[in-house]
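A.B. asks: So that we are looking at the same thing, I have put the structure below in C-alpha cells.
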Amino acid sequence: MDLNLKDQKVIVTAGAQGIGLAITAAFVEAGAHVHICDVSEDFLASARRQFAGAPVSYSLTDVTSESQVDAMFADLSQRWGGVVDVLVNNAGIAGPTLPVEDVELSGWDQTIAVNLTGPFLCTRRAVPMLKKNGGGSIVNISSVAGRLGFALRTPYSASKYGVIGLTETWAIELGPSNIRVNAVLPGVVEGARQERIVAAKAEAYGIEHEEMRQRLLSKVSLRKMVTAQDIANQIIFICSPAGASISGRSLSVCGNVEVLS
C-alpha cells in the first residue's frame with residue numbers, strides 16, 4: 001500500500017530514542033521531512049548519524065519549557081513556510097513507581113509537565129501551521145494506563161488518562177479545520193525503559209524481576225510485548241490518506257492488555 005507521505009512535514013517530540021526513534025525512521029522511510037526534538041544531546045547525535053543524508057532536522061528542546069517550544073516552532077515555521085502536516089506528541093516519562101502515599105509532589109509535577117503540559121504546548125503552536133496547511137494529523141501517545149488503572153503508577157496513569165481527554169477534545173474542536181486527532185495506546189513495549197519499570201515494580205512488590213515480567217505478560221491476551229515498530233506502523237497508517245476518516249479515537253497497540261498489575 002502506498003501511504004502517500006512523501007514530502008510531508010512531520011514533527012516528532014522525543015524522536016531520537018525509543019518509540020520516537022522508530023516513529024522517526026518510519027516517516028523517513030515513507031519519504032517525509034521530519035523534525036525531531038529531544039532533551040538528550042547524546043541521543044540527538046546518535047540520530048544524526050543514523051539519518052545522515054535524510055531530510056531530518058533536529059533541536060534540543062524540552063517540551064515542558066514554553067520558551068523552548070515556542071523557539072522550535074518559530075524556527076520550523078520559517079523553514080517550512082508556516083505549514084506542517086503531522087505532529088506526533090511522543091515525549092513522555094514513566095514517573096515514580098510508588099504507593100500513592102509515598103509519591104512526592106515533585107514526581108507528580110514532573111510527570112504531568114512532560115506527559116500533559118508538553119503535548120499542550122506543542123499542539124497550540126502546531127495548530128496554526130496545520131490550519132494554514134489546510135489540515136493534517138495530530139497523534140498523542142497515551143498508554144493502556146490511560147484506559148486501565150495501574151497500581152503504584154498514580155502520576156503516570158493520571159497523565160495518560162489526561163492525554164485521552166486532550167485527544168477527544170481537540171478532535172471535536174479541530175475537525176472542522178480538517179485536522180484529525182488520535183491517541184495511540186502502547187501496552188508493554190520491549191526495551192530498556194520497560195525493563196526499568198519491571199525492575200521498579202518487582203522491587204516494590206518484593207518479587208524477582210522475571211516473576212514480575214511474567215505477571216505483566218500473563219494479563220496480555222497475546223502473551224507478548226509489542227515493539228516500537230508496531231507503534232510506528234499504527235501511527236504511519238492513521239497519518240496517511242488510508243486513515244483519512246479516523247479521528248477522536250484511542251487506538252490500543254498492546255496485544256490486548258486485559259488488566260495492569
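The values are calculated or read from the model by the stated rules, or taken from the named source; none is laboratory data. Model, not experiment: these values are computed from the prediction. Counting neighbours? That spans all protein chains shown, and the Cβs are built from the backbone with ideal geometry, glycine included. Side chains included, ligands, DNA and RNA excluded: accessible areas come from the protein's heavy atoms. Shrake-Rupley method; radii C 1.70, N 1.55, O 1.52, S 1.80 Å.
A.B. asks: Report ³J(HN,Hα) in whole Hz for each residue of the stretch 138-144, in order, from the Karplus equation J = 6.51 cos²θ - 1.76 cosθ + 1.60 where θ = phi - 60°; Gly and Pro get x.
C.D. replies: These are the phi-based 3J(HN,Hα) values: 10, 10, 9, 8, 9, 5, 4 Hz.
A.B. asks: Hey, any idea what % of the chain's accessible area is carbon plus sulfur with a 1.4 Å probe?
C.D. replies: Reported share for carbon and sulfur atoms: 52 percent.
A.B. asks: I'm a student and want to see the number: the projected area of the Cα convex hull of the stretch 1-115, averaged over all directions, in nm².
C.D. replies: Working: hull surface 34.2 nm².
Computed as one quarter of the Cα hull surface, the answer is 8.6 nm².
A.B. asks: Note down the accessible area of MET212, probe 1.4 Å, to the nearest 10 Å².
C.D. replies: Per-residue accessible area (MET212): approximately 0 Å².
A.B. asks: Which residues among the stretch 219-235 fall inside the zone where the amide N is under 19 Å from a point 7 Å beyond the Cα of VAL259, along Cα→Cβ?
C.D. replies: Within reach of a label on VAL259: 219-224.
A.B. asks: Could you check how many percent of all C-alpha pairs in the chain are farther apart than 31 Å? Kindly include the intermediate steps, with their values, before the conclusion.
C.D. replies: Details: 7340 of 33930 pairs.
The answer is 22 percent, as a whole percent.
A.B. asks: Also, I was wondering about something else. Which residues among the stretch 242-258 fall inside the zone where the amide N is under 18 Å from a point 7 Å beyond the Cα of SER221, along Cα→Cβ?
C.D. replies: 250-258, by backbone N distance to the label point.
A.B. asks: Rg(Cα) of the stretch 109-261 divided by 2.2 N^0.38 Å?
C.D. replies: Expressed relative to 2.2 N^0.38 Å, the Cα Rg reads 1.12.
A.B. asks: Here's something else I'd like to know. When the Cα centres of the stretch 136-187 and the stretch 1-27 are compared, how far apart do they sit, in Å?
C.D. replies: Here the two parts' Cα centres lie 19 Å apart.
A.B. asks: What is the spin-label model distance, in nm, from SER57 to VAL100 if the labels are put 7 Å beyond Cα along the C-beta direction?
C.D. replies: Going by the 7 Å Cα→Cβ label model, 4.5 nm.
A.B. asks: Turning to a different aspect of this structure: Can you run phi through the Karplus equation (6.51, -1.76, 1.60; θ = phi - 60°) for the stretch 20-34 and list ³J(HN,Hα) in whole Hz, with x for Gly and Pro?
C.D. replies: x, 5, 5, 5, 4, 4, 5, 5, 4, 4, 7, x, 7, 8, 10
A.B. asks: Oh, and also: Accessible area per residue of the chain at 1.4 Å probe, in Å²? Walk me through the intermediate numbers first.
C.D. replies: On the way: 11480 Å² over 261 residues.
Using a 1.4 Å probe on heavy atoms only, each residue of the chain averages 44 Å².
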